[in-house]
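Before any comments, here is the structure.
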Amino acid sequence: MMTSSSNCRFCGEPLRHTFANLGVQPLCETYLEPDQLREMERFYPLHVFVCERCLLVQLEGSIAPEKIYKQYAYFSSHSKGWLKHIEEYADMITSKLGLDSESQVLEIGSNDGYLLQYFTRRNIPVLGIEPAANVAEEAIKKGIPTIVKFFGKEIANELWSQGILADLIVGNNIIAQIPDINEFVAGLKSLLKPSGATTIEFHHVMKLIDNNQFDTISHERFSYFSFTVIEQLFNHHGLTIFDVEEHPTHGGSLRIYARHTENTSIPITSAPENMRKAEKEDGLTSIEKYLCFSENVKATKRNLLSFLLKAKRREKSVAGYGAHAEAHTLLNYCGIGTDFLDYTVDRNPVKQGKFLAGIRIPILNPSQIFDTKPDYVLILPWNIKKEIMTQMTQIGNWGGQFIVPIPRLSLYDANGIEIYNETKPEEGSA
Ligand SMILES: [Zn+2]
């Protein structure tokens, strides 16, 4: 069910300017069983706007989050690179804030306890809040106290009335998924001890724009933040950002550190000022930057389709690699079905034998590529393209090549050497 909202989630200004319109799409991370192919599917608009007043990039309206989060398929503990990032964080923040057995750590979107386990090992009291029942159960099994609910005013009030206040509140890759961001940040403010700190990580909209990562847009991510915008939001609720770091996770993320504005005992580093300057130089403080992005997105679609059309006219075969959320978004936006892509592959056995929703492309085992010897392999997870090329270098045995569509259409030989890229938009040739 769509709840209608055509006003900015932060400042209430009516939304008038398109940032990216990716058409109508099924919810991402939806995989169809073969017997569902005869049935209809639900499609929802995936139209992202930018607010002309505060420059928050956001989806118009929200799909009721219960629809997305009851059974969440993503278990944070299954990603090794992410766990390393998190373990380093737990070490750093424990010593930075001097956390001990008297402290309280609270995590919003605590998933399967991937992070809180590092604190419980040190006897630091923790509490997780996680709406997806199946992943929360995993955390509870590990002995991590978890409330299975959406974080909002209600929970914040409940904890506050029980006298539960936190020395540290963590929110990793969660703020984008919160429909009411004002309520969320007000909740942070109310649950933080006077001396406490909160750290929030999110995909940096500067990376999204500059690296053309429009395929990371999805129905479950309602807001796309710059530092400048999130700082306004936090300031509005009486929180001051005293530090910010860039991390390479999820295509380029920011981690912000905030405290009560009244608590001047924690000094502000030079990083926030440097980040404000960097964003201004990048153009993020004026609306033109956001309006141009929409054109880049459309050009990417035309370039990819034009390459595939030419390849198909020359009777070349193309297979995909990847069946994750970004693959789903890109292929659905471009309307690429089995007319262009014979199939896609994914190493996750749970997805094999199913179909990507919407465009209904079969998902097979990666070994299928060696059996069918396609002329081109379209690599959809651009963030791990090198790893996939190394894994698939045998496609050189039959003259196969790799296509990478983002940030711009590029062609690589079987050894991973770039042999062509689309530097001039719309002059591509296969
Ligand atoms: Zn606004």
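Remarks
- Count of residues meeting criterion [of a type in the set (A, V, I, L, M, F, W, C) and assigned to a strand (DSSP E or B)] in the stretch 377-408: 6
One line per residue, one yes/no per condition, for (1) touching a Leu at 6+ places or on another chain (Cβ under 9 Å); (2) over 23 Å from H85 (Cα atoms); (3) without any contact (Cβ under 8 Å) to a residue 60 or more places away in the chain; (4) hydrophobic (A, V, I, L, M, F, W, C):
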{"residue": "Q162", "(1), (2), (3), (4)": "no, yes, yes, no"}
{"residue": "N173", "(1), (2), (3), (4)": "no, no, no, no"}
{"residue": "G196", "(1), (2), (3), (4)": "yes, no, no, no"}
{"residue": "M206", "(1), (2), (3), (4)": "yes, no, no, yes"}
{"residue": "D210", "(1), (2), (3), (4)": "no, yes, no, no"}
{"residue": "S218", "(1), (2), (3), (4)": "yes, yes, no, no"}
{"residue": "V229", "(1), (2), (3), (4)": "yes, yes, no, yes"}
{"residue": "L239", "(1), (2), (3), (4)": "yes, yes, yes, yes"}
{"residue": "I256", "(1), (2), (3), (4)": "no, no, yes, yes"}
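- Residue within the stretch 360-376 that is outside any strand (DSSP E or B), aromatic (F, W, Y) and touching a Lys or Arg at 6+ places or on another chain (Cβ under 9 Å) present: no
- Residue count, the stretch 342-373 (criterion: within 20 Å of F43 (Cβ to Cβ) and over 25 Å from the mean Cα position of the chain (by Cα)): 0
- Considering each residue of the stretch 63-70 in turn, none proves to be touching a Phe, Trp or Tyr at 6+ places or on another chain (Cβ under 9 Å), modelled with pLDDT under 75 and either of a type in the set (S, T, N, Q) or in a loop (DSSP other than H, G, I, E, B) (or both).
- Some residue of the stretch 9-20 being more than 16 Å from the ligand (Cβ to nearest atom) and modelled with pLDDT of 95 or more: yes
- Given (1) without any contact (Cβ under 8 Å) to a residue 12 or more places away in the chain; (2) assigned to a loop (DSSP other than H, G, I, E, B), number of the condition D342 does not satisfy: (1)
- When the stretch 25-60 is limited to residues that are among the aliphatic types (A, V, I, L, M) and surrounded by fewer than 14 Cβ atoms within 10 Å (Cβ to Cβ), the one that is farthest from the ligand (Cβ to nearest atom) turns out to be L37.
- Of the helices (runs of 4 or more DSSP H) contained entirely in the stretch 169-279, those carrying at least 1 residues that are surrounded by fewer than 17 Cβ atoms within 10 Å (Cβ to Cβ) and out of contact with any helix residue (DSSP H, G or I) (no Cβ under 9 Å at 6 or more places or on another chain) fall at 227-236.
The values are calculated or read from the model by the stated rules, or taken from the named source; none is laboratory data. Fair warning: this is a prediction, and the values are worked out from it, not measured in the lab. Note that each Cβ is placed from the backbone with ideal geometry, even for glycine, and that neighbours are counted across all protein chains shown.
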